[in-house]
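One structure is given here, and the rest of the page talks about it.
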Amino acid sequence: MKRTASLSAAMAVCLAAGALFTAGTAAAGERTAAPRAGRDLYGTKAPYVPQGRPGHYQEAPRGFVPVFTENVARHGSRAMTDSGDGDAVLAALHEAQQQGALTDLGAGLGPQVRSLLDAASTLGYGNLSARGAEEQRRTALRMEQRLPGLFASIAARREPIVVETSGVPRTVASADAFTGGLASGDPALASLIEAPVTDKNLLYFHKQPQNADYQAYLKSDPDLAGVLADIDADPRTAETAHRVVARLFRADFAAALSTEEQVSFARSLYQLYSAAPDLAVEAPDVDLTPFLARRDAQWLAYLDDAEEFYQKGPAFSGRTITYKMAGVLLDDLLAQADAKAAAEADGTGGNGAVLRFTHAEEIEPLAALLGLPGSTEPAGPGQPYAYGNNPWRGAEVSPMAANIQWDLFANTPSGGRPADYLVRMLYNEKETAFEPSCEPVAEGSYFYELDELKHCLAHG
């Protein structure tokens, strides 16, 4: 408990000092999103902001109470996975310094990058950051607050809380932070939380042998390589890179860099820029925003979003290679809800909750397969993905700690009839309709019969 309190205090100091995305409120730890345009500058590295409205969720139809919950969550904010981009930026800065070719602004970049790399190295590259742990802990507490009757019932009935991860350390740490949040909210749950188990076929499916066709798509698909090359070749990429280096290096040094070198430098700098907020606790004095003008950060974010869109999102019209593999996760969501309904019917109880922790490579395909808002529109022939023609944004589809939650509700059987079961979905904690082929229990309702979902979400 002392560790949790100190972590919360550190987060509060960081946020008060000007973190870009959120502002805490004392009672429930809810956070207010910055304008969407600001979050879009950080793509899928954007720290988590819950999208729900506490106190404004629809009530379940009369007679229905929650009996089960399950989720699929991305790991929380983390350190960069390696030092490559930082090393590349520092090498260019060092060479320019040797030649006396740094601008006043450029002279201030090196210490910032070194501080960021030091923080990431101390934490461990790719590991969950303090911010990431706090994201998971607070998400768990809000889950409890939304479903107090459920967790009281889980504790009273001694129902297991199953925890599954990809096995990658940041997902295991995310699971620990999340379940720690549950236990801090209700200590009676602590003994019911099972040790995390690894399921790579379910939660790291993009790397598994059964998806070799997807791996081949990433490596050698000519359509993918062609569209990304065309996007990179847009004149605005070179123009952006030129503006970036012109602000940091003197004219003769900048002019000696090839266009390819300028673009490589700008993209490496952007990777650090977008990663810095995730390390806001470990590197509180790092601020890379002065080194990228907003218009340049926006274009570089678009380049990253384009890669995510074509590699993990809806990609090309008429092709499903990027998201059909998420069927294993969709099937498991349905199977776990169905198993709970069956256990309720036969009196065995079953699991109280199933919690899964994974990666953007799984969340983005699942969002596309489920038809979640902003996740479904592929790029049409001759119309490459662009911000102007497609709503897909990495910061909205799969920010750090992104999550999809299904809550199962049951009514009390009467007159010898079996109970009915309804499902409500939350996407980043916002009530979200299932795809249009699924019919809710009433117009405008976010509640769906479980049997309806088993039918309308069937996939080949």
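The values are calculated or read from the model by the stated rules, or taken from the named source; none is laboratory data. For clarity, every value in this text was computed on a predicted model and none was experimentally measured. Neighbour counts run over all protein chains shown; Cβ positions are idealised from the backbone, glycine included. Note: areas computed on protein heavy atoms with side chains; ligands, DNA, RNA excluded. Shrake-Rupley method; radii C 1.70, N 1.55, O 1.52, S 1.80 Å.
Screening S83 against (1) under 21 Å from the mean Cα position of the chain (by Cα); (2) over 30 Å from G352 (Cα atoms) leaves a single unmet condition, (1). Going through the stretch 379-399 one residue at a time, which ones are in a loop (DSSP other than H, G, I, E, B) and open to solvent by less than 50 Å² (accessible area, probe 1.4 Å)? Within the stretch 379-399, G380, Y385, A386, N390, W392, R393, S398, P399 qualify.
Restricting to helices (runs of 4 or more DSSP H) lying wholly in the stretch 211-291: which have 2 or more residues that are modelled with pLDDT of 95 or more and under 20 Å from D40 (Cα atoms)?
Values: elements: 212-220, 222-232, 235-248, 251-256, 259-275.
Ranges flagged: 222-232, 235-248, 259-275.
Can you confirm whether A386 is within 17 Å of E164 (Cα to Cα) and under 23 Å from the mean Cα position of the chain (by Cα)? Answer is no for this residue.
Residue-level check: of (1) over 27 Å from the mean Cα position of the chain (by Cα); (2) open to solvent by 40 Å² or more (accessible area, probe 1.4 Å); (3) in contact (Cβ under 8 Å) with a residue 12 or more places away in the chain, A92 misses just (2).
Taking each residue of the stretch 145-157 that is under 19 Å from P54 (Cα atoms) and looking for partners that are in a helix (DSSP H, G or I) with beta-carbon atoms closer than 7 Å, six or more apart or interchain, yields F151/E144; F151/L189.
Of all the residues that make up the stretch 210-237, how many are open to solvent by less than 40 Å² (accessible area, probe 1.4 Å) and either of a type in the set (A, V, I, L, M) or under 19 Å from K312 (Cβ atoms) (or both)? Residues meeting the conditions: 9.
Considering each residue of the stretch 163-188, count those that are of a type in the set (A, V, I, L, M, F, W, C), open to solvent by 20 Å² or more (accessible area, probe 1.4 Å) and outside any helix (DSSP H, G or I), and give that number. Adding up the residues that qualify gives 1. Set side by side, the residues L372, L366 differ, and just one is modelled with pLDDT of 95 or more and assigned to a helix (DSSP H, G or I), which is L366. Restricted to the stretch 402-443, and to residues there that are out of contact with any helix residue (DSSP H, G or I) (no Cβ under 6 Å at 6 or more places or on another chain), hydroxyl-bearing (S, T, Y) and in a loop (DSSP other than H, G, I, E, B), the residue that is surrounded by the most Cβ atoms within 10 Å (Cβ to Cβ) is T432. Scanning the stretch 324-361 for residues that are touching a strand residue (DSSP E or B) at 6+ places or on another chain (Cβ under 7 Å) and assigned to a helix (DSSP H, G or I) turns up L329, L333, Q336, A337, K340, A341, E344, A360. Every listed requirement among (1) open to solvent by 20 Å² or more (accessible area, probe 1.4 Å); (2) closer than 30 Å to R157 by Cα; (3) without any contact (Cβ under 8 Å) to a residue 24 or more places away in the chain is met by G350 save one, (3). Pairing each residue of the stretch 96-119 that is among the hydroxyl-bearing types (S, T, Y) with any residue that is not in a helix (DSSP H, G or I), provided the two are 6+ apart or on different chains, yields C-beta distances under 9 Å for T103/F249; T103/R250; S115/A283; S115/D285; S115/V286.
I'd like the residue in the stretch 295-331 that is among the charged types (D, E, K, R) and crowded, with 20+ Cβ neighbours inside 10 Å and, out of all such residues, is farthest from H459 (Cα to Cα).
Narrowing the stretch 295-331 to residues among the charged types (D, E, K, R): 295-296, 304-305, 307-308, 312, 319, 324, 331.
From what's left, crowded, with 20+ Cβ neighbours inside 10 Å: 296, 305, 308, 312.
Numbers: D296: 41, D305: 27, E308: 23, K312: 18 Å.
The selected residue is D296.
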